[in-house]
1. Using label points projected 7 Å from each Cα along Cα→Cβ, tell me how many nm separate residue 158 and residue 244, to one decimal.
2. Per Stokes-Einstein, at 20 °C and 1.002 mPa s, what whole-number D in µm² s⁻¹ belongs to the stretch 9-98, with the Kirkwood radius over Cα pairs as the hydrodynamic radius?
3. Rounded to the nearest 0.05, what FRET efficiency do residue 24 and residue 337 give with R0 = 30 Å and r taken as the Cβ-Cβ distance? Could you check?
4. I'd like the distance separating the alpha-carbon centroids of the stretch 117-139 and the stretch 54-104, in whole Å.
5. Under a point-charge model restricted to the Cβ atoms of Lys and Arg (+1) and Asp and Glu (-1), what is the dipole moment magnitude of the chain relative to its Cα centre, in debye to the nearest 20?
6. Based on Cα coordinates alone, diagonalise the gyration tensor for the stretch 231-319, multiply each eigenvalue by 5, take square roots, and list the semi-axes in whole Å, largest first.
7. Using modelled backbone amide H atoms (1.01 Å from N, in-plane), which distant-in-sequence or interchain residues come within less than 5 Å of residue 235's amide H?
8. Which value, in Å², gives the accessible area per residue of the chain when a 1.4 Å probe is used on the protein heavy atoms?
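The values are calculated or read from the model by the stated rules, or taken from the named source; none is laboratory data. None of these values were measured; they are calculated from a predicted model. We place every Cβ from the backbone using ideal geometry, glycine too, and count neighbours over all the protein chains shown. SASA here: full protein model, heavy atoms, side chains in, ligands and nucleic acids out. Shrake-Rupley method; radii C 1.70, N 1.55, O 1.52, S 1.80 Å.
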Amino acid sequence: MTVLRSQWANLRLFPAYFPPSRVLRDALSFGVHYLGDGRAGRHPAIVNLHVTNRCNLSCEWCYNKGNAAGPSDEMSFAEMLSLVRECRVGGTGVFLTGGEPLLRDDLFRVIQEIKSARLPVGLVTNGTLLDPGRIDALMRQGIDSLIVSAQGGPDRATHARLVAVLRTLANRMRSPGPIVNYVVALDSLAGIRPFLADVLPIENVAVRLTHMSFATEEENRDHERVWARRFGEPACTLQTYRFEPPPGGFDEVVGVLRDPGFRRMWSKPTLSSEEAVAWYRPGFQIRRRCMFVWHSAWINADGNVSPCQYYLQSMGNIREQPLEQIWNGDRYRAFRVGLRQGLLPGCQRCCKL
């Protein structure tokens, strides 16, 4: 039931990426691909593109903290334009992320090119740089999806400003409006209830409580052993935050999820009550399958294509090969076949399950 709720949330919150024709086509073809040799459809349904790894924040738990691609490695506008042309052929939707995408000077040109290609485009931002001018630009360009990652914490001024930004976006965006991800971390626990109390009443704002993605040191060692055994090579560095959860330290999260006053809120990923309790305990395991690698590609700022943001294992680089070749190349297919055996230990607390 939780998996079905998660899929329904995606269809409801991201309709531009999941038109009925695509949903039907993918539903009919997925089983054939999944049971085959690791080959997915000819083109990914969605590309998650890091336009930059620079950020104006330095959150300790961020998956991108260990990303080695620096400013000098960033793809040029021309290289991104070439990728957009490829995406147009496959009808591939694009999410622009980072880092903080609004730090990139040519971001609005990139968005314009994606919209000109008649592709859906979304933006993931921490919201701190969403001033009136940038909001105006996004509205003029017709952004299809806007995800604001709220970091929480005790700073009431930042809290108030973010709430004001969400009110503005809710009034100016068509339904579904902005999506706010409230990221769970030890230093954001105290701010959960006040934030939800202010944001949930705003119409046309979807609110998601995003569970922290982390791995204990023991879980990381298990991940490296399983990866080496399954793929016959050393594991790439797991980007997930190394963290030892204190006993009972996240009871507040479970309380919030069970609070009937917050019923309009989603969680990311969608968890049962039992899963939510176990998530913040060592040795957590979830009985699900990864579908992300079959429909979505993750492209780093340096052009490297990876299975997801937690595994920056290069499947190829779009500076050297077309995305279509990489997407169903030998490395990608082998990874899908390996992952079909079951989730890796490093996958257990993934937000996409």
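1. My value for the distance between the label points is 2.7 nm.
2. Numbers: Rh = 15.7 Å.
Taking Rh from Cα pairs, D becomes 136 µm²/s.
3. On the way: r = 26 Å, r/R0 = 0.87.
Efficiency at R0 = 30 Å is approximately 0.70.
4. Here the answer is 14 Å between Cα centres.
5. On the way: 43 positive and 34 negative charges, 241 e Å.
That gives a dipole near 1160 debye.
6. Numbers: eigenvalues 203, 57, 30 Å².
For the stretch 231-319, the ellipsoid semi-axes come out as 32, 17, 12 Å.
7. Long-range HN contacts for residue 235: 228.
8. Details: 16100 Å² over 353 residues.
Normalised by residue count, the accessible surface of the chain is 46 Å².
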